[in-house]
1. Return the residues of segment 45-86 that are closer than 20 Å to residue 147 by Cα, part of a helix (DSSP H, G or I) and free of Cβ contacts under 8 Å to residues at least 40 places away in the same chain; say none if nothing qualifies.
2. Answer with yes or no whether residue 131 is in a helix (DSSP H, G or I) and buried (at least 20 other Cβ atoms within 10 Å of the Cβ).
3. Would you be able to say whether some residue in segment 142-154 is surrounded by fewer than 21 Cβ atoms within 10 Å (Cβ to Cβ), under 26 Å from the mean Cα position of the chain (by Cα), in a loop (DSSP other than H, G, I, E, B) and in the same structural domain as residue 54 (by TED's automatic domain parsing)?
4. Report those helices (runs of 4 or more DSSP H) wholly inside segment 291-409 carrying at least 1 residues which are at pLDDT 95 or above and buried (at least 19 other Cβ atoms within 10 Å of the Cβ).
5. Residues in segment 166-192 that are touching a strand residue (DSSP E or B) at 6+ places or on another chain (Cβ under 8 Å) and surrounded by 15 or more Cβ atoms within 10 Å (Cβ to Cβ): how many?
6. Are any of the residues in segment 206-214 in the same structural domain as residue 299 (by TED's automatic domain parsing), free of Cβ contacts under 8 Å to residues at least 12 places away in the same chain and over 29 Å from the mean Cα position of the chain (by Cα)?
7. For segment 247-264, which positions are closer than 19 Å to residue 59 by Cα, part of a loop (DSSP other than H, G, I, E, B) and without any contact (Cβ under 8 Å) to a residue 40 or more places away in the chain?
8. Determine, yes or no, whether residue 122 is modelled with pLDDT under 95, on the phi < 0 side of the Ramachandran plot, surrounded by fewer than 21 Cβ atoms within 10 Å (Cβ to Cβ) and not assigned by TED's automatic domain parsing to the domain that holds residue 341.
């Protein structure tokens with residue numbers, strides 16, 4: 001594999017001056033451009049024909065930029081005047097370091113950089129390395145480019161970043177093959193048990209009042225479901241002793257804008273679903289659409305009198321059934337290895353990470369990050385150690401048992 005860091009001299013880059021934007025076209029017809037937030041309009045235009053993952057979509061990138069207001073960097077490759085590869089990043093402080101990452105940070109999973117499908121068929125690391133060098137010259141303040149949780153492929157097209165030196169992400173991504181429809185799926189995945197549990201849950205819900213599954217179709221419903229979700233997550237994270245990644249007002253505004261904006265699309269790229277029982281929301285999921293793949297980006301349940309009925313499992317049952325009915329090929333539970341996912345899933349995807357240090361400081365940080373990822377993977381892949389870690393964390397925060405239907409990572 002090619003070492004992405006090999007072509008960069010940390011001392012040289014740390015003292016180099018920013019080069020003109022865009023850079024000149026070379027003899028092969030390849031040109032690079034590095035822009036700030038003003039490059040987002042061209043990025044959005046490119047996404048109309050490009051291949052990309054949901055967290056690299058124009059909707060995600062533009063809404064994150066508008067609501068969170070990060071330090072945006074847009075690097076592009078063009079071949080003979082036609083854009084073929086676009087890298088939208090945000091530059092963040094990490095202690096004494098500056099790191100360029102995908103917009104959305106930890107919320108951006110299953111990443112695949114926007115690229116022209118035809119160009120991807122013949123993509124090589126040299127062209128992308130040219131863009132990375134241009135970024136290093138244009139932004140000498142950046143120590144490290146951290147491209148995390150990358151998909152190995154999308155729709156069967158290989159991720160060009162896999163050509164660079166990379167390593168596995170600490171968490172796998174789990175999904176279920178919907179081939180043959182819902183009945184065929186249940187025949188492969190303990191269907192009798194799942195149907196029996198679903199009927200039992202229905203009776204318990206009906207005993208306290210009516211129940212219904214909601215798909216947010218208005219701005220008011222988006223707000224209602226997200227308000228409930230944020231409250232559920234805040235309560236859960238506090239009890240588990242985990243930092244609430246949904247707690248920031250700007251992050252919450254981003255998700256409101258993202259899901260509200262999707263309502264105006266002919267084929268919405270982002271969907272919200274909820275389970276309401278006796279007039280109260282008991283479970284909420286937020287999903288993205290990538291081709292024939294429906295991806296559950298997040299989920300939560302209310303910790304109340306019905307929590308022990310597993311409303312999250314009930315909602316997943318209905319979500320997966322509908323995904324089959326509308327023609328999705330895969331239901332993806334996204335990043336995180338949890339028992340409730342394993343009960344459904346028969347597909348596992350290993351994401352990968354690419355770290356590109358641009359300075360000597362960046363090389364140091366890349367080493368620390370790589371070692372930290374290995375340690376996380378070791379802990380999470382050892383059932384005894386991982387169970388002990390979660391138990392100690394819950395006891396410290398005063399939480400006894402994790403609820404079904406939520407990630408604990």
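1. Answer for segment 45-86, where residues must be closer than 20 Å to residue 147 by Cα, part of a helix (DSSP H, G or I) and free of Cβ contacts under 8 Å to residues at least 40 places away in the same chain: 58, 62, 65.
2. Answer is yes for this residue.
3. yes
4. The helices (runs of 4 or more DSSP H) meeting that bar are 311-326, 360-380.
5. Within segment 166-192, residues that are touching a strand residue (DSSP E or B) at 6+ places or on another chain (Cβ under 8 Å) and surrounded by 15 or more Cβ atoms within 10 Å (Cβ to Cβ) number 12.
6. Within segment 206-214 (the criterion being in the same structural domain as residue 299 (by TED's automatic domain parsing), free of Cβ contacts under 8 Å to residues at least 12 places away in the same chain and over 29 Å from the mean Cα position of the chain (by Cα)), the answer is yes, since at least one residue qualifies.
7. Once the filter is applied, which keeps residues that are closer than 19 Å to residue 59 by Cα, part of a loop (DSSP other than H, G, I, E, B) and without any contact (Cβ under 8 Å) to a residue 40 or more places away in the chain, segment 247-264 yields only 264.
8. yes
The values are calculated or read from the model by the stated rules, or taken from the named source; none is laboratory data. Just so it is clear, the structure is predicted and the values come from calculations on it, not from any experiment. All Cβ positions, glycine included, derive from the backbone under ideal geometry; neighbour counts span all protein chains shown.
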